There are 2 protein chains.
Amino acid sequence: MKFEAITIKDIARALHLSVSTVSKALRGSHEIGEETKQAVLKYAQEHNYKPNPIAQSLKKGHSRSIGVIVCNIDNNFFSQVINGIESIAQSKDYNVIITQSRESYEKEISNSEHLSSRSVDGLIISLSAETKNVDHLKRLHEKGLPIVFFDRVTDEIPTHRIIANNYKGAYEATRHLIEQGCRKIAHITSSDSLSITAERLEGYKQALLDAGHSIDERYIKFCLHGGMIREETYQALAELLQLPERPDAIFTASDRLSTTTLSQLHTMRIPIPCEIALVGFTNSISADIFNPSLTSVVQPALEMGQQATEMLLSLIESRRPVTQFEKRILETHLQIRDSSQKRSC
Amino acid sequence: MKFEAITIKDIARALHLSVSTVSKALRGSHEIGEETKQAVLKYAQEHNYKPNPIAQSLKKGHSRSIGVIVCNIDNNFFSQVINGIESIAQSKDYNVIITQSRESYEKEISNSEHLSSRSVDGLIISLSAETKNVDHLKRLHEKGLPIVFFDRVTDEIPTHRIIANNYKGAYEATRHLIEQGCRKIAHITSSDSLSITAERLEGYKQALLDAGHSIDERYIKFCLHGGMIREETYQALAELLQLPERPDAIFTASDRLSTTTLSQLHTMRIPIPCEIALVGFTNSISADIFNPSLTSVVQPALEMGQQATEMLLSLIESRRPVTQFEKRILETHLQIRDSSQKRSC
DNA sequence: TTTTTTTACGAAAACGATTGCGGGGACACC
DNA sequence: GGTGTCCCCGCAATCGTTTTCGTAAAAAAA
């Protein structure tokens, strides 16, 4: 099956003009007479002519499309970010190509190369949990591909970054648990190679220290695959529960981790918050109908996507090489619900 | 900023060969001597040569990419379908371009035209809630663009379709509620122009009739925007609750509608299932941690995406025009949880 | 009338890759 | 030595568009 569209050549033939004349007429060049211009425009209109973007890309060297790599779109945080990206891209007439790394280093490499070879004009990326080395991105960046990092970022590549205030979000979440009277607060988080992991861990630790608590490394569990593998989370949770002094609260550092933990505590019939209080990082719009409703650190996902896209487009459309790079930090918001409120116990 | 990649021309120049020789060598043509071939391959390897897909698309007339239009990716059902699409597409080396109609007819039109003019080789689409007229798609289809419909389909365009067994899913959900002793079962559903709405409504009605119940149209509420606008759902629910005989059960026909209804019943402090039982159509992986856990009709979303993609690729890669079209129907599964079980009241 | 300027268009070369065809060179055979 | 056969490789056209440059004809200035 083939998709035949009308080309500039067809118009030229029909109107007994040359291709160049038609091309110029279509773009409203001043070197074309008013009559001819109108004739071409009319014919194009009537025959629903659309310039072939493939040919335009080849000629112009850019494609008016941007690539996005996230670990997983089946996740409220990322799908909201993507909504933000799409809204800006659409308004500036850019195409968005979304791909998923599924937390795999290999897939991240192949996706980024595929996108760059498909001539995207720029890339918006949040690193996979497995990624410890960013040479593949460094290569692309050095060859001139504009890149913006969001959420899971790296400082090895000099370019724009945008993240939530993970430190503060985690700090507030932890302090909230302390204020609820929790004494043994555990932390389940993603791979320790991720920027967000370090930042959130730092906030957690500092809140503990500021409250005069000590830090017990046994209460901190890393999930190398960021919760993509349920068993990994189960394992982490099981280990926490077997500790001589069982935690009385858990602070989970990501969307997937939070729902999985909640679900697992459920099947184990451990009362929340009375036995174990729970605070998660999540952007789920359903967090209020969870059982119990989940206290969570909410990130401004939509804004993050929008601003990341604006930053990327400014990079792409900049005439001269950009040398000043920005690290933008967006504030999070602690939404307090039932899963953390000990007073009702 | 510009992204400079190595081209076939660079290789030709470096090796003192012609472009055509290099091209043929790269593709392993028999007309090229073994030595030359090796030299070219080696050079290409070392300099990380990747053929420019834009140029290839232009030359070959196809782009090895497929377009997807869904109403919203921030929805478990659709993101799972997309995962299915991506998995097949990736394995066949196709690119996937995802767009969202956000239940808007206008956006659906502009997205489909944008995709087709970006020379996607085919389109996978689930119609928006606002769409009552499919002429825009008919046009593209008649011009030769292969299209596969899933979930929200139309029979006005002769091509492959794949849906869940919505009739049976709704029938079983309703019968389940009847078996729980519910007498006044309401139905909140999407726009009545959607195929899924009609099918699910039919199942709901038939189950009622088969159980000797009568059908009361006042118990059936349509949400024209498919739940994208929360107020619309609130309004529908409010009207149901003001009925002289308040429903003792609600069957919601989509993901978004289900969570919104549950959330609203919550804030109104109406006990579920005791006062009102609830069954929804949802693929949320969190349905088991809802409060109460939500009995739901689960669709084989991943499989739907995979099979839709296989059907589309067979259309795209078919040498001769396809005239036999398939309507594939996948079975749903009723996952019974707490929100519908009256016995515990 | 001659020269200059302006207007309005066409020819052709790109962008990067593919492909049919033609031809030069080496070799063997009569 | 002439002819035929392979084997390798290059030329040139092609996909649809953009853009530079050249140039006719018409208009304006000399």
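Nothing in this text is a laboratory measurement; each read-out follows from the coordinates by a stated rule. Model, not experiment: these values are computed from the prediction. All Cβ positions, even for glycine, are placed from backbone atoms using ideal geometry, and neighbour counts span all protein chains on display.
Where chain B is carried onto chain A by rotation, the Cβ closest to that axis, with its residue and distance in Å, is B:Asn291, 2. Treating each Cα of region B:1-104 as one equal point scatterer and applying the Debye formula with no solvent, the log10 of I(q)/I(0) at q = 0.10 Å⁻¹ comes out as -0.47. Compactness of region B:215-345 was expressed as the Cα radius of gyration divided by 2.2 N^0.38 Å, which yields 1.33.
By the rule of a second cysteine Cβ within less than 4.7 angstrom, chain A holds isolated cysteines at A:Cys71, A:Cys182, A:Cys223.
Here region A:220-262 is treated as an ellipsoid with the same Cα gyration tensor; its semi-axes, largest first and in whole Å, are 17, 11, 8.
Taking neighbour counts of Cβ atoms within 10 Å as a proxy for exposure, in what order, fewest first, do A:His30, A:His114 appear? Walk me through the intermediate numbers first.
Values: A:His30 7, A:His114 18.
Taking fewest neighbouring Cβ atoms as first place, the list is A:His30, A:His114.
Built from the Cα atoms of chain A, the convex hull projects on average onto 22.1 nm², one quarter of its surface area.
Taking beta carbons within 10 Å but only from partner chains, what does the mean come to for residues A:277-289?
Numbers: counts 0, 0, 0, 0, 0, 1, 1, 3, 6, 13, 2, 6, 17.
Counting Cβ atoms of other protein chains within 10 Å of each residue's Cβ and averaging gives 4.
Residue by residue, region A:178-184 carries 3J(HN,Hα) couplings of 4, 5, 7, x, 6, 10, 10 Hz when phi is fed to the Karplus relation 6.51 cos²θ - 1.76 cosθ + 1.60 (θ = phi - 60°); x denotes Gly or Pro.
For region B:80-141, the calculated P(r) over all alpha carbon pairs, in 5 Å bins from 0 to the bin holding the longest distance, is 4, 16, 28, 23, 19, 9, 2 percent. Between A:Cys274 and B:Arg218, the distance separating the two model label sites (each 7 Å from Cα on the Cα→Cβ line) works out to 4.2 nm.
The fraction of all Cα pairs in the protein assembly as shown landing in successive 20 Å bins from 0 to the largest distance is 16, 45, 31, 8, 0, given as whole percents. Distances between placed amide hydrogens fall under 5 Å for A:Leu330 paired with A:Ile163, A:Ala164, A:Asn165, all partners being 5 or more residues away or on another chain.
Listed by Cβ neighbour count within 10 Å, with the fewest neighbours leading, A:Ser190, B:Ser23 appear as B:Ser23, A:Ser190. A Stokes-Einstein calculation at 25 °C with viscosity 0.890 mPa s, built on the Kirkwood radius of region B:131-284 over Cα pairs, returns a diffusion coefficient of 150 µm²/s. Across region A:32-79, Cα-Cα pairs farther apart than 17 Å form 65% of the total.
In order along region A:144-157, the phi-based Karplus estimate (6.51 cos²θ - 1.76 cosθ + 1.60, θ = phi - 60°) of 3J(HN,Hα) comes to x, 7, x, 9, 10, 9, 9, 6, 9, 10, 9, 9, 7, 10 Hz; Gly and Pro are listed as x. In this assembly of identical copies, the label point of B:Leu302 (Cα plus 7 Å along Cα-to-Cβ) is separated from its counterparts by 3.1 nm, sorted shortest first.
At an R0 of 25 angstrom, the distance between the Cβ atoms of B:Gln45 and A:Glu156 translates into a FRET efficiency of 0.40. Label points for B:Asp10 are taken 7 Å from Cα along Cα→Cβ. From this copy to the others they lie 3.7 nm apart, shortest first.
Annotation: aspartates and glutamates with alpha-carbon distance below 18 angstrom to A:Lys107 (same-chain offsets under eight excluded): A:Asp74, A:Glu130, A:Asp135, B:Glu86, B:Asp93.
In this structure the amide hydrogen of A:Thr252, modeled in the peptide plane, comes within under 5 Å of the amide hydrogens of A:Ile188, A:Val279, A:Gly280, A:Phe281, none closer than 5 places in sequence on its chain.
Can you tell me the mean projection area, over all orientations, of the convex hull of region A:1-57's alpha carbons? Units nm², please. Don't skip to the answer; put the middle values down first.
On the way: hull surface 17.1 nm².
Value for region A:1-57: 4.3 nm².
Inter-copy label distances at A:Met268, using a point 7 Å along Cα-to-Cβ, come to 3.7 nm with the shortest given first.
Exposure proxy check: A:Arg13, A:Arg320, B:Arg118 ranked by fewest other beta carbons within 10 Å? Intermediate values should be presented prior to the final figure.
Numbers: A:Arg13 13, A:Arg320 6, B:Arg118 21.
Ordered by Cβ neighbours within 10 Å, fewest first: A:Arg320, A:Arg13, B:Arg118.
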